[in-house]
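Asker: Here it is: the structure, laid out below.
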Amino acid sequence: MSLPFLRASSLSAVLPAVVLACTGVGCSSSSSTDPTVTPDPSTADGGTDGGGLSGDGDPATQLVGSQGAWAWNRVEGSKCGNGVETGVGVNLGTSDRLVFYFEGGGACWNGLTCFAAKSATNIETGYGEAEFTQQVANRSEPDSIFDRSSSLNVFKDDTFVYIPYCTGDVHAGAKVSTYDAGTVHHFGRTNVELALKKASATWKGKVGRVVVSGSSAGGFGGAIHFGRIADAFAPTRTDLVDDSGPPFPAAKSPYLAQWDGAWDLFGAFPADCAGCKTDPAAAMPYYAQKYPTSRMALLSYDRDSTISRFYGMNAEEFKTNIEAVATDLAPLPNGRTFYVKGTAHTMLRKLGTTSSGTQLGAWLRSMITDGSDWANVKAEP
């Protein structure tokens, strides 16, 4: 998979290595890793034949769709980096569980990263129905979170809301920033709030569980918006699966002030989380205390070559710091980590991934079904 921030080799010496790899439906159409949903949920194990969540409301105020097929929903007022409207994808399942998935695809915060290096996807092109349709058509990715035929996939019968990524701000921004090379609507947070308003109007009170997930930039986005989504669907329980978006503390985030200046990053965190106003790592302990019945998972490779560059670390520095995150999260009664040895990036498209004898699909099933065996998994030595 190509890394879009290094297309111009002359920039590599001066550009901080910041890309969060493109993952999921919104990646380049040439990618072989785009997910597919098999359009036959009624025959999936654990389904509720004829049950599930409805999708026949008013598209002006609600999200609509049909079982087993992706449908594009406009979100009025939303904007990609180029100022053009975007939306979300909906795929109805047969269970009463609702899964939000945040797409990944890089990050940018100045003229160099946004326009010269193009280190975030869809900033200049936008992302609408045509792009979405192109990405989901005729794709094959067995044992991903979207594979309705996979026995490894605890989410195979669920309804998905797929949140595209075209704002370069890990879904956190609510700011228009003008750089020397052009203007970017860093509207990730605004877009989520608008989509969430429709989602809650559609399904609040009708779902048995909500799961917030995402990979890479989407992992960060899912974690940032976890409380916002949990509050929108309360009292329904909401869980979090953060794939490759580790919450490193401010002292380990050298570009934090630049992200905040470009995106209003800190404004995306809960207003009543005092520590979150200066340190994103404060969010997870805050969530654990505020939502004690929720379960929260962090997935990561111990030397993730993509996220290590995002934080300006080498592989060994990343390993030390990701292990420190596990230590910090260990006291939380409702949080667990699943670490895998290696430099690869993201796992929700590879549920067969195994670490220390534990398969990711089984681990997530234990999490979602409240298994007593749900435990931290360390990377193999």
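Asker: Here are some conditions: (1) under 27 Å from residue 280 (Cβ atoms); (2) touching a residue at least 12 places away in the same chain (Cβ under 8 Å). Residue 148 meets all but one. Which one does it not meet?
Answerer: The number of the failed condition is (1).
Asker: Filter region 326-347 for residues that are in contact with a strand residue (DSSP E or B) (Cβ under 6 Å, 6 or more places away or on another chain) and within 24 Å of residue 314 (Cα to Cα) and give the result.
Answerer: 326, 329, 337, 338, 339, 340, 342, 344, 346, 347
Asker: Right, here's the next one. From the list 131, 124, which one is out of contact with any helix residue (DSSP H, G or I) (no Cβ under 7 Å at 6 or more places or on another chain), in a helix (DSSP H, G or I) and more than 25 Å from residue 226 (Cβ to Cβ)?
Answerer: 131
Asker: Can I ask one more? Within region 190-247, how many residues are surrounded by fewer than 24 Cβ atoms within 10 Å (Cβ to Cβ), free of Cβ contacts under 8 Å to residues at least 60 places away in the same chain, closer than 23 Å to residue 276 by Cα and not hydrophobic (A, V, I, L, M, F, W, C)?
Answerer: Number satisfying all stated conditions: 4.
Asker: Of all residues in region 339-359, count the ones that are of a type outside the set (Val, Ile, Thr) and either in contact with a Lys or Arg (Cβ under 7 Å, 6 or more places away or on another chain) or more than 15 Å from residue 214 (Cα to Cα) (or both).
Answerer: Residues in region 339-359 being of a type outside the set (Val, Ile, Thr) and either in contact with a Lys or Arg (Cβ under 7 Å, 6 or more places away or on another chain) or more than 15 Å from residue 214 (Cα to Cα) (or both): 9 in total.
Asker: Filter region 100-117 for residues that are touching a helix residue (DSSP H, G or I) at 6+ places or on another chain (Cβ under 9 Å), aromatic (Phe, Trp, Tyr) and over 30 Å from residue 158 (Cα atoms) and give the result.
Answerer: 109
Asker: All but one of (1) among the hydroxyl-bearing types (Ser, Thr, Tyr); (2) surrounded by fewer than 24 Cβ atoms within 10 Å (Cβ to Cβ); (3) not in a loop (DSSP other than H, G, I, E, B) hold for residue 149; state the number of the condition that does not hold.
Answerer: Only one criterion is unmet by residue 149, namely (3).
Asker: While we're here: Scan region 197-207 and tell me whether some residue there is assigned to a strand (DSSP E or B) and touching a helix residue (DSSP H, G or I) at 6+ places or on another chain (Cβ under 7 Å).
Answerer: For region 197-207, residues assigned to a strand (DSSP E or B) and touching a helix residue (DSSP H, G or I) at 6+ places or on another chain (Cβ under 7 Å): absent.
FYI, it's all coordinate maths here, none of it is from the lab. All values derive from a computational prediction rather than experimental measurement. Every residue, glycine as well, gets a Cβ built from its backbone with ideal geometry; the counts of neighbours run over all protein chains shown.
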